[in-house]
Structure formats: structure tokens, C-alpha cells
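**Q** Below: one structure in C-alpha cells.
The values are calculated or read from the model by the stated rules, or taken from the named source; none is laboratory data. Owing to the predicted nature of the structure, the values given are computational and were not obtained by experimental measurement. Ideal geometry is used to build each Cβ from the backbone, glycine not excepted, and the neighbour counts take in all protein chains shown. Accessible surface areas use protein heavy atoms only, side chains included; no ligands, DNA or RNA. Shrake-Rupley method; radii C 1.70, N 1.55, O 1.52, S 1.80 Å.
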Amino acid sequence: DGEWVTPWAQDPVNPNTLYAGYNNVWKSTNRGNSWNKISNLSIGGLTILQIAPSNPNYIYISNGSVIYRTINGGNSWAPLQVPNAGSNTITGIAVHHTNPNLIWMTRSGYNATNKVYYSADGGTTWENLSNHLPNIPVNCVVNQDGTANGIFVGTDFGVYYRDTLINSWLPFMNGLPNVRVDELEIHNASGKLRAATYGRGLWETAIPNAG
């Protein structure tokens with residue numbers, strides 16, 4: 001059995017290859033006609049499954065409490081030392097578009113210093129990016145290609161943006177209802193950021209430097 005929202009992903013290099021997260025990670029190389037288990041973990045149902053856009057051998061998974069990573073397509077897995085382990089639920093992971101070791105992690109809850117983290121070394125060390133975000137749960141994160149490590153995060157009260165040039169958080173929700181955002185995706189071909197909300201449907205907006 002999978003979680004209420006079972007995570008899945010399409011391989012960024014081969015569109016016939018799919019991944020799904022249950023109690024373990026399963027992989028199909030023939031568009032879902034057959035599946036093989038590529039992990040052997042006992043961490044409970046997976047809620048997060050992220051394939052590195054630049055190298056599908058790098059896969060990050062989480063059940064909300066711990067994060068595991070493989071760098072060889074699932075042949076072996078290792079846990080990451082996440083900051084404040086055992087605290088608020090891990091809600092999202094984003095992987096940089098060209099460097100599979102650059103990752104971001106988000107957390108839920110109402111601890112003002114425990115919202116968003118960044119790692120430049122695949123999760124060995126972390127930088128806390130939580131300052132200046134409102135004290136509300138953060139539900140998801142997405143990296144924008146072609147920016148200075150630009151990321152959008154979805155919270156219980158809209159969307160915020162940050163990169164290394166402004167080095168702070170800016171609200172990015174003009175016209176968006178005051179609603180919980182559970183998933184963010186960027187469609188580069190159209191230059192759109194799309195937000196899936198809880199109860200108010202799907203929204204999109206143009207973003208700078210896209211495409």
C-alpha cells in the first residue's frame with residue numbers, strides 16, 4: 001500500500017522509465033508494464049521521491065522523518081544526517097537542475113527556525129534558510145533552472161521566493177488566494193509556475209528568467 005498521496009516520478013532522461021514510492025522504491029523501464037523493487041528499506045511509507053534532473057542515478061526519498069539517498073540508481077542507499085532530526089515533518093525535497101548534490105528540504109510545523117534548509121554536498125551539511133519566512137508550515141519546494149539557486153516554496157499561506165542574489169524571502173502570490181499550497185511545478189517551455197492548492201484548484205503565473 002502507498003500513502004494517501006503516493007509519490008511517483010518520470011525519469012528525466014528516459015521517458016519510458018517510471019518510479020513509485022511505497023514502503024520501498026519501485027522502478028519500471030517499460031512505461032509501467034512491469035516493476036522491480038530497487039530499495040530494501042524499513043522506514044515506512046514514502047511521501048517524497050525526487051530524481052535528480054541532471055543524473056537519474058541520484059534519487060532522494062523520505063517518509064517525512066528521514067531522508068535516504070542513492071547515487072547508483074538504487075544499488076545502495078544511505079541515510080542523510082538531517083538537521084533537527086525527529087522534529088517537524090519533512091514535506092519537500094528539491095534537487096538542483098545541473099548539480100545532483102545541491103538539494104533543498106522543507107518542513108511543516110510552527111517552529112520559526114525550522115522551515116527550509118539547503119545542502120551543497122548531498123546532505124552532509126546543511127544551511128538554514130528559514131529566517132524571514134512567516135511562522136507557518138512549508139509544504140513544498142521547487143528549484144528554478146537558470147537562476148542563482150532560485151527556489152519557490154509553497155506554504156499554508158501562499159508562495160515565497162528566494163535566491164542567492166537577494167538572500168532573503170519575497171512573497172510571490174499576487175492574485176493567488178490565501179490558501180495552502182501543497183505542490184509547485186515549473187513548466188519552462190511556457191515560463192509558468194504552477195501551484196496545486198488545498199481546496200482552491202490549480203493556479204499558474206508567469207515567472208521571470210524562465211524558458
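**Q** Checking the a/c ratio against 1.5 first, then a/b against b/c, what shape does the Cα gyration tensor give for the range 153-193?
**A** oblate
**Q** Something else now. Could you give the dipole magnitude of the chain about its Cα centre, charging the beta-carbon of Lys and Arg +1 and that of Asp and Glu -1, in debye to the nearest 20?
**A** The dipole magnitude comes to about 120 debye.
**Q** Please state the relative contact order of the range 77-211 as a whole percent: Cα pairs under 8 Å, 6+ residues apart?
**A** About 15 percent, as a whole number.
**Q** Accessible area per residue of the chain at 1.4 Å probe, in Å²?
**A** That works out to 49 Å² for each residue.
**Q** Moving on to the next point. Specify the inter-centroid distance of the range 15-94 and the range 140-206, based on alpha-carbon positions, in whole Å.
**A** If you average the Cα positions of each part, the centres end up 23 Å apart.
**Q** Which entry in [x] 103, 51, 29; [y] 44, 37, 33; [z] 61, 44, 34 is this structure's computed Cα extents along the principal axes in Å?
**A** Computing Cα extents along the principal axes in Å and matching it to [x] 103, 51, 29; [y] 44, 37, 33; [z] 61, 44, 34 gives [y].
**Q** Could you order 200, 180, 162 by accessible surface area, starting with the largest, using a probe radius of 1.4 Å?
**A** In descending accessible area the options line up as 200, 180, 162.
**Q** Moving on. Where does each of 38, 59 land when they are ordered by accessible area, with a 1.4 Å probe and the largest first?
**A** Largest accessible area first, the residues go 38, 59.
**Q** Something else: Within the range 1-155, what whole-number % of the accessible surface is contributed by carbon and sulfur, with the 1.4 Å probe and all protein chains included in the calculation?
**A** 45 percent
**Q** For the range 10-23, what does the Karplus curve 6.51 cos²θ - 1.76 cosθ + 1.60, with θ = phi - 60°, yield as ³J(HN,Hα) per residue in whole Hz, taken in order and with x for Gly and Pro?
**A** Going residue by residue, I get 9, 4, x, 9, 10, x, 7, 9, 10, 10, 9, x, 10, 6 Hz, with x marking Gly and Pro.
**Q** Go through the range 130-138 residue by residue and turn each phi into a ³J(HN,Hα) via Karplus (6.51, -1.76, 1.60, θ = phi - 60°); whole Hz please, and just put x for glycine and proline.
**A** 6, 4, 6, 7, x, 7, 9, x, 10
**Q** How much length is gained on full extension from residue 131 to residue 89, taking 0.36 nm per residue of separation minus their Cα-Cα distance?
**A** 13.3 nm
**Q** So what are the ³J(HN,Hα) numbers for the range 177-182, from phi and the Karplus equation (6.51, -1.76, 1.60; θ = phi - 60°), rounded to whole Hz, Gly and Pro as x?
**A** x, 6, 9, 6, 9, 9
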